[in-house]
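The values are calculated or read from the model by the stated rules, or taken from the named source; none is laboratory data. Bear in mind that the values here come from a model prediction, so they are computed numbers and not experimental data. For neighbour counting, all protein chains shown are included, and Cβ atoms are generated from backbone atoms with ideal geometry for every residue, glycine included. In case anyone asks, the SASA skips ligands and DNA or RNA and just uses the protein heavy atoms, side chains included. Shrake-Rupley method; radii C 1.70, N 1.55, O 1.52, S 1.80 Å.
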Amino acid sequence: MADVIILGLGPAGISAALYTARAALDTLVFGREGGSLAKTDHIENYYGFAEPVSGRELLHNGAAQARRVGAKLVEDEAVGIAYDGEFAVSTASETYRAPYLVLATGSQRRAPNLPGLAEFEGRGVSYCAVCDGFFYRKKNVAVLGAGDYALHEAKELLPLAAKVTILTDGKEPEADFPPEMAVETRKLAALTGDGSLHGVRFTDGTELASDGLFVALGVAGSVDFARKLGVETNGSSVSVDENRQTNVPGLYAAGDCTGGLLQISKAVCDGAIAGTSIVKAFRQKAK
Ligand SMILES: Cc1cc2nc3c(=O)[nH]c(=O)nc-3n(C[C@H](O)[C@H](O)[C@H](O)COP(=O)(O)OP(=O)(O)OC[C@H]3O[C@@H](n4cnc5c(N)ncnc54)[C@H](O)[C@@H]3O)c2cc1C
């Protein structure tokens, strides 16, 4: 078991890790050297660089810096989180536990531009299988996504629902979906319904009836995890207090996923505050 798990190898996650690892807390950091920073070559508003620096260079140096001070970096993504007094973070292959967790997965990606998606949110469309699966007992449900996160959500639904169909929306499946899940790779045109969701329509005009649609595209982000843990959110941001702690004890969030200024300097500041707050709480608990 680690002392703290951090989700995100961006400026917020790495900054938190620098503080926790240097305070001798066993620190595990998950993520990939991607995120927003990887999309920019020319940063000239971050402190300490006389010449513009690329996002990739910052990411690379940040990861090396965290490793040097003792943080353990894992090139993998979380697909699920459970809380039973401490946090259990699952990747596609393993589960890791820690009493403290920092969500620092960057800003939430947007949902697909699928007609009907917004209209049926809360009336058939859900973003959280563990929260809403219960409402679909013995019903037909679909999961929108093609990767490990979609597989994780579908596994939550399988024991409850009558049938689970994976909708990859034109993508090749990226995870090993078991035979008891139907996989439908046709492209989607729209969601159908009348006040509540009745199903989906494919671009070839045919329809699939479904009582629920769980959106699990790409990689799970901080807001997805926050929803599963019953954490307060504000639109597409995780709500935190001045210590970057959420309303769940031991759970912190930092950087773009908490909204506000979407800049490296703010992400680094958030990470530093979350990291130092965890060190303080950890030491108080150990007394
Ligand atoms: C094109 C572009 C240009 C920009 N230019 C500037 C600029 O010039 N100056 C500036 O200050 N800011 C700039 N920004 C904003 C800046 O990149 C972000 O504010 C900053 O990177 C946010 O840091 P973060 O750590 O919160 O998130 P990110 O940097 O997005 O890092 C998120 C991390 O979370 C990981 N992750 C995601 N999901 C999971 C999961 N399920 N499990 C584990 N890990 C996960 C990712 O792999 C990644 O490592 C720019 C952004 C973009 C898109």
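Here are the numbers for this structure:
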item	result
Of LYS155/LYS287; LYS155/LYS280; LYS72/LYS187; LYS139/LYS228, pairs whose Cα-Cα distance is over 31 Å	LYS155/LYS287; LYS155/LYS280; LYS72/LYS187
Built amide H within the under 5 Å cut-off of ILE81, gap 5+	SER90
Dipole in debye (nearest 20) - region 1-112, about Cα centre, beta carbon charges: Lys, Arg +1; Asp, Glu -1	100
Environment charge at LYS155 (Cβ cut-off 11 Å; Lys +1, Arg +1, Asp -1, Glu -1)	-4
Karplus 3J(HN,Hα) series, Hz, for region 57-73 with 6.51 cos²θ - 1.76 cosθ + 1.60 (x for Gly, Pro)	5, 4, 4, 4, 5, x, 5, 5, 4, 5, 4, 4, 8, x, 6, 9, 9
Karplus (6.51, -1.76, 1.60) ³J(HN,Hα), θ = phi - 60°, over region 174-186, in Hz, Gly and Pro reported as x	9, 10, 8, 6, x, x, 6, 9, 6, 10, 10, 9, 5
The chain: Cys lacking any partner C-beta under 4.7 angstrom	CYS257, CYS269
Of all accessible heavy-atom area on region 125-215, the percent that carbon and sulfur account for (1.4 Å)	49
Local electrostatic count, ALA23, Cβ distance below 11 Å [Lys/Arg +1, Asp/Glu -1]	+1
Hz values of 3J(HN,Hα) by residue in region 208-219 - Karplus curve (6.51, -1.76, 1.60), Gly and Pro given as x	10, 6, 7, 7, x, 10, 9, 8, 9, 7, x, 10
Positive-end extreme of charge dipole, the chain - chosen from VAL29, ALA16, GLY205 (charges on Cβ)	ALA16
Average accessible surface area per residue within the chain, 1.4 Å rolling probe, Å²	48
The chain: antiparallel DSSP beta bridges as a percent of all, rounded to 5	40
At 0.890 mPa s and 25 °C, Stokes diffusion of region 125-215 via Kirkwood alpha-carbon radius, µm² per second	192
Helix-only [θ]222 nm of the chain, DSSP H runs n ≥ 4, -39500 (n - 2.57) each, per residue, nearest 500	-7500 deg cm²/dmol
Nonlocal amide H pairs with TYR252, under 5 Å, H built at 1.01 Å	LEU101, VAL102, LEU103, THR246
Size of charge dipole - the chain - debye, nearest 20, with Cβ of Lys, Arg +1 and Asp, Glu -1, no other charges	660
Candidate aspartates and glutamates for bridging to LYS138, where Cα separation is under 19 Å - those fewer than 8 sequence places away on the same chain excluded	GLU153, GLU156, GLU180, ASP211
Point-to-point label distance, ARG283-ASP204, nm (Cα→Cβ direction, 7 Å offset)	6.4
